[in-house]
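K.L.:
Here you go, one structure.
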Amino acid sequence: MKVIDGNGAVLGRLASYAAKEALKGEEIAVVNCDEIIITGNKQDIRERFEEKRTKVGSQQSGPKISRDIAKMVKRTIRGMLPNPRYSGVGRKAFQRIKCYRRIPKELESAKKIEMKGKKRKFVKISEVNLR
């Protein structure tokens, strides 16, 4: 099992790495999802997420975007996987991915892969999630 530390990691790069490894057959655990960053202008990012949340279709039937940070990260990773309707490869890879807001006790001693980078303009995913 590969454990990826989300502390200071860029969301898109982390998601593409996790998707590639899951397609190879690896079990993936993403920890510290609260600390993942999204690069760009803070106001633009927040507006884009709020726009996605308000567009829920007719009669409020969906699709609904979750405010849970671990689910937001997992949804981003899902977008980097093949469509499960055409082949079962994407579905099986998605089932191998687990996301956690913090570090669970069973993964505290595991070796973590860090994906840090120097960024000037960014916002943490936990700040995007504010109401």
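Quick note: the coordinates plus some simple rules give every number you see, no bench work behind them. These numbers were taken from a predicted model, which means no experiment stands behind them. Cβ: placed from backbone, ideal geometry, glycine included. Neighbour counts: every protein chain shown.
K.L.:
Which of the peptides 14-27, 97-110 is most tightly packed, and how do the rest follow, judged by the mean count of other Cβ atoms within 10 Å per residue?
P.N.:
Ranked by mean Cβ neighbours within 10 Å, highest first: 14-27, 97-110.
K.L.:
Shifting gears a bit: Under 13 Å from the Cβ of Lys42, count the other residues' Cβ atoms, weight Lys and Arg +1, Asp and Glu -1, and hand me the total.
P.N.:
It works out to a net charge of +2.
K.L.:
Follow-up. With an 8 Å cut-off on Cα pairs and a minimum separation of 6 or more residues, tell me the relative contact order of region 2-128 in percent.
P.N.:
Computed value for region 2-128: 46 percent relative contact order.
K.L.:
Once label points are set 7 Å from the Cα along Cα→Cβ at both Ser16 and Arg67, what is their separation, rounded to one decimal in nm?
P.N.:
That separation, rounded to one decimal, is 3.2 nm.
K.L.:
Write down the percent of antiparallel bridges among all DSSP beta bridges whose residues are both part of the chain, to the nearest 5.
P.N.:
That works out to approximately 25 percent antiparallel.
K.L.:
Assuming R0 = 22 Å, can you tell me the calculated FRET efficiency for the pair Glu50 and Arg120, based on Cβ-Cβ distance, to the nearest 0.05?
P.N.:
Computed FRET efficiency for Glu50 and Arg120 comes out at 0.40.
K.L.:
Using Cα positions and a limit of under 17 Å, work out the lysines in reach of Lys52, with same-chain residues fewer than 8 apart set aside.
P.N.:
Qualifying lysines at Cα under 17 Å: Lys42, Lys64, Lys71, Lys74.
K.L.:
Using a cut-off of 10 Å between beta-carbons, work out the net charge of the residues near Lys112 (Lys and Arg +1, Asp and Glu -1, Lys112 not included).
P.N.:
So the surrounding residues net to -1.
K.L.:
Which of (1) 11, 34, 24, 16, 10, 5, 1; (2) 12, 40, 35, 12, 1; (3) 11, 25, 16, 11, 8, 8, 6, 6, 5, 3, 1 is the computed P(r) over Cα pairs in 10 Å bins from 0, in percent for the structure on display?
P.N.:
Computed from these coordinates, P(r) over Cα pairs in 10 Å bins from 0, in percent corresponds to label (2).
K.L.:
What does the charge count around Glu21 come to, taking other residues whose C-beta lies under 11 Å from its C-beta (Lys +1, Arg +1, Asp -1, Glu -1)?
P.N.:
+2
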